Amino acid sequence: MTTTELQSLIDRSLFADLGYIGADGRPAIRRVFCVWHRGMGAHLISTNTSSGHVKRLTEHPDACLYFADSEAFEGVCLTGRAAPTRDRALRELLWNDGDEKYYPLGVDDPDYCVIEFTAERAEYYRYDGKGALDAAQLDATARGRAYENGYERCRAQQAASTEGSDEA
């Protein structure tokens with residue numbers, strides 16, 4: 001898979017699986033909403049400050065983030081570090097209308113935080129093979145880019161290509 005194809009897989013995914021070491025020392029996993037990306041090397045996840053995985057990631061930041069498309073039989077596992085943060089700019093970036101249902105005090109709710117995941121390597125597979133990327137290759141996909149909602153960008157590109165094919 002090319003880096004463009006890997007980025008497309010990540011962008012069209014609404015969810016990822018976040019793996020980390022649980023309180024009992026065993027691997028644990030959570031399905032997380034993850035659509036904000038800076039290339040393939042950095043990802044943002046909004047979550048509850050009070051959740052067990054935030055506590056564990058604060059103590060032990062080693063983690064992995066797995067994106068997959070089971071219909072296309074392709075996936076990418078990013079291994080790196082996850083850092084919970086209460087950075088207001090990141091919380092505002094991820095805030096959506098309706099989030100007050102979960103965080104009644106709004107963006108400044110003490111139970112609202114963001115996990116910033118930074119990938120150090122990637123392993124990927126598809127029906128036609130597998131491969132890996134190192135930290136430098138992942139950094140290159142993020143260099144000079146701001147965080148973007150990849151899912152929204154992907155949907156906009158799909159809509160534009162559908163409009164173009166309707167005109168033909």
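The values are calculated or read from the model by the stated rules, or taken from the named source; none is laboratory data. This is a predicted model, so every value here is computed, not measured. Methodologically, a virtual Cβ is constructed for each residue, glycine included, from the backbone with ideal geometry; neighbour enumeration extends over all protein chains shown. Just so you know, the surface numbers come from the protein's heavy atoms only, side chains and all, with ligands and any DNA or RNA stripped out. Shrake-Rupley method; radii C 1.70, N 1.55, O 1.52, S 1.80 Å.
Brief remarks follow.
- Residue check, Glu148 of a type outside the set (A, V, I, L, M), open to solvent by 40 Å² or more (accessible area, probe 1.4 Å), under 25 Å from Met1 (Cα atoms) and touching a Lys or Arg at 6+ places or on another chain (Cβ under 9 Å): yes
- Ala156 being assigned to a helix (DSSP H, G or I) and among the hydrophobic types (A, V, I, L, M, F, W, C): yes
- In segment 89-123, the residues that are of a type in the set (Phe, Trp, Tyr) and open to solvent by less than 30 Å² (accessible area, probe 1.4 Å): Tyr103, Tyr112, Phe117
- Residue tally, condition within 12 Å of Leu93 (Cβ to Cβ) and open to solvent by 10 Å² or more (accessible area, probe 1.4 Å), over segment 35-50: 3
- Candidates Gly98, Gly131, filtered to the one that is more than 14 Å from the chain's Cα centre (by Cα) and without any contact (Cβ under 8 Å) to a residue 60 or more places away in the chain: Gly98
- Selection within segment 51-83: residues that are of a type in the set (D, E, K, R) and more than 25 Å from Arg153 (Cα to Cα). The member of this set that is surrounded by the fewest Cβ atoms within 10 Å (Cβ to Cβ) is Glu59.
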